[in-house]
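**Student:** Attaching a single structure in structure tokens format; questions to follow.
The values are calculated or read from the model by the stated rules, or taken from the named source; none is laboratory data. What you are looking at is a predicted structure, and each value in this text was computed from that prediction instead of being measured. Quick reminder, even Gly has a Cβ in these numbers, built from the backbone with ideal geometry, and neighbours come from all protein chains shown. Each accessible area value is taken on the protein alone, full model and side chains, heavy atoms only, with ligands, DNA and RNA left out. Shrake-Rupley method; radii C 1.70, N 1.55, O 1.52, S 1.80 Å.
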Amino acid sequence: MKKTFLLIILLPIIGFSQMRNRLNSTDLNRYELKGNVKEMVFKEYEPRFSNDTTYTLELYDFLGPSNFKLEFNEYGNLKKKSELRTENDSIKVGAIWNYKYDNKNRILQEQRLSFQYSKDTITWNYEYVGDSIINVQQLDKTYKILYYTYIEKANFEFLNHTNSDSSYVTKRLYLYDKFNRVIRSEDYENKEFVQDLRITSYKDTITSNKFKEVVIWTKHNNSFYNEFEYNENDNSIKMIIGNFNKNDTSINRYEYDYDKFGNWIEKRHFGWRGKLSTVFKREIKYYE
């Protein structure tokens, strides 16, 4: 299996995702953090090998922001996020996110102020219409105004995304189980048929640990599956990636070091060739 295929799988999806998950959990849960976390600094390192066993770690800073600092309020939700970028061998803040909530701890506004590149300010304003509709308005210099509308109905969540004149419309559909976990997602993009279909099963009825995920990319005429194994701390230690079209698999493994609260502070990713690929480090501070 080619390494480029693996990279595509591991890259996070950029943009808006499901809203129900955000409203039914805290940001601490979404970042898989335990305890009364006050602050977390996340850094990603790339090992540079001088031989088969000796390497140094270099901070990874390419394309999107891989390094950041999170600050949480006493309710477990984000109050500030700082994107960390490298500049002349030092770390500087490239952008700052600020968050506002209503008296039900629902997100009301998030704003990203950029100090690099476009130096744009992006603002998302949230409006709740009853218990079933969430309207989100995005304001920035590039796109001027974008609209996101979430509609909650039974176990379904619908997301419509449009630009200011509705000349470009995208659609997504999420299906949840009775534990509010996504078991099926359909991304139509701006087409009439599904472009990205994902079906997920879970390890148990307690955690959000995935057991198996099937992905069908109709637009790329490709399909694959991911299988997961976890340790006693509910962290993934193995991911098997199989390609239906090519009938081959690759294995990714993960090792962890933990603090006394059970949060990992170092995560080592071994890629499909069995070699150390990435090292993630987290510096965590707690409320007293």
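**Student:** Quick check for me: using +1 on Lys/Arg Cβ and -1 on Asp/Glu Cβ, what's the dipole size of the chain about its Cα centre, in debye to the nearest 20?
**Tutor:** Values: 45 positive and 41 negative charges, 39 e Å.
Here the chain has a charge dipole of around 180 debye.
**Student:** Continuing with the same structure: Go through 284, 258, 239 and say which Cα lies farthest out towards the positive end of the charge dipole of the chain; charges sit on Cβ, +1 for Lys and Arg, -1 for Asp and Glu.
**Tutor:** Of the listed residues, the answer is 239.
**Student:** Related question: Could you quote the convex hull projected area for region 126-198, Cα atoms only and averaged over all directions, in nm²? Could you put the intermediate results ahead of the total?
**Tutor:** Working: hull surface 22.6 nm².
Value for region 126-198: 5.7 nm².
**Student:** While we're here: Any chance you could tell me what percent of the C-alpha pair distances in the chain go past 31 Å?
**Tutor:** Working: 14388 of 41328 pairs.
Above the 31 Å cut-off, the chain has 35 percent of its Cα pairs.
**Student:** On the protein heavy atoms, probe 1.4 angstrom, tell me the percent of accessible surface of region 61-114 carried by carbon and sulfur. Provide the component values of the computation, followed by the final result.
**Tutor:** On the way: 1350 of 2930 Å².
Here carbon and sulfur together make up 46 percent of the probe-accessible area.
**Student:** How many nm separate the modelled label positions at residue 140 and residue 98, each set 7 Å beyond the Cα in the direction of the Cβ?
**Tutor:** Once both label points are built, they end up 1.8 nm from each other.
**Student:** Using a probe radius of 1.4 Å on heavy atoms only, what accessible surface per residue do you get for region 146-288? Whole Å² is fine.
**Tutor:** On the way: 8180 Å² over 143 residues.
Solvent-accessible surface per residue comes out at 57 Å².
**Student:** Using a/c under 1.5 as the rounded threshold, could you call region 70-207 rounded, prolate or oblate? The axes a ≥ b ≥ c are square roots of the C-alpha gyration tensor eigenvalues, and prolate needs a/b larger than b/c, oblate otherwise. Walk me through the numbers before you get to the answer.
**Tutor:** On the way: a/c = 1.63, a/b = 1.35, b/c = 1.21.
Prolate is the answer for region 70-207, as a/c is 1.5 or above and a/b outweighs b/c.
**Student:** Less than 14 Å Cβ to Cβ from residue 239, Lys/Arg counted +1 and Asp/Glu -1: what total charge do the surrounding residues give? Could you put the intermediate results ahead of the total?
**Tutor:** Working: positive: 203, 210, 212, 238, 253, 267, 268; negative: 213, 227, 229, 255.
Spelling it out: positives minus negatives among the neighbours equals +3.
**Student:** Pull out the extension gain between residue 227 and residue 153, defined as 0.36 nm times the separation in residues minus the alpha carbon to alpha carbon distance; nm, one decimal.
**Tutor:** Numbers: separation 74, 0.36 × 74 = 26.64 nm, distance 2.97 nm.
Contour length minus the Cα-Cα distance gives 23.7 nm.
**Student:** Taking R0 as 45 Å, what FRET efficiency do you get between residue 175 and residue 237 from their Cβ-Cβ distance, rounded to the nearest 0.05? Don't skip to the end; give the middle numbers.
**Tutor:** On the way: r = 28 Å, r/R0 = 0.62.
Calculated value: 0.95.
**Student:** Another one. According to the square roots a ≥ b ≥ c of the eigenvalues of the Cα gyration tensor, what is the shape class of region 142-288, taking rounded for a/c under 1.5, prolate for a/b larger than b/c otherwise, and oblate for the remainder?
**Tutor:** On the way: a/c = 1.84, a/b = 1.45, b/c = 1.28.
Since a/c reaches 1.5 and a/b is larger than b/c, the shape of region 142-288 is classed as prolate.
**Student:** Before rounding to the nearest 500, sum -39500 (n - 2.57) across all DSSP H runs of length at least 4 in the chain and divide by the residue total; then give [θ] at 222 nm in deg cm²/dmol.
**Tutor:** Result for the chain, helices only: -1000 deg cm²/dmol.
**Student:** How many percent of the accessible area of region 135-288 is carbon or sulfur, using a 1.4 Å probe? Walk me through the numbers on the way to the answer.
**Tutor:** Working: 4550 of 8920 Å².
Carbon and sulfur together cover 51 percent of it.
**Student:** Determine, from the Cβ-Cβ distance of residue 255 and residue 207 and an R0 of 35 Å, the FRET efficiency 1/(1 + (r/R0)^6), rounded to the nearest 0.05.
**Tutor:** Numbers: r = 20 Å, r/R0 = 0.57.
Computed FRET efficiency for residue 255 and residue 207 comes out at 0.95.
**Student:** While we're on this one: With θ set to phi - 60°, apply the Karplus curve 6.51 cos²θ - 1.76 cosθ + 1.60 along region 200-217 and write out the HN-Hα couplings as whole Hz, x wherever there is a Gly or Pro.
**Tutor:** 10, 10, 10, 5, 8, 9, 9, 9, 9, 6, 6, 9, 8, 9, 9, 10, 10, 9
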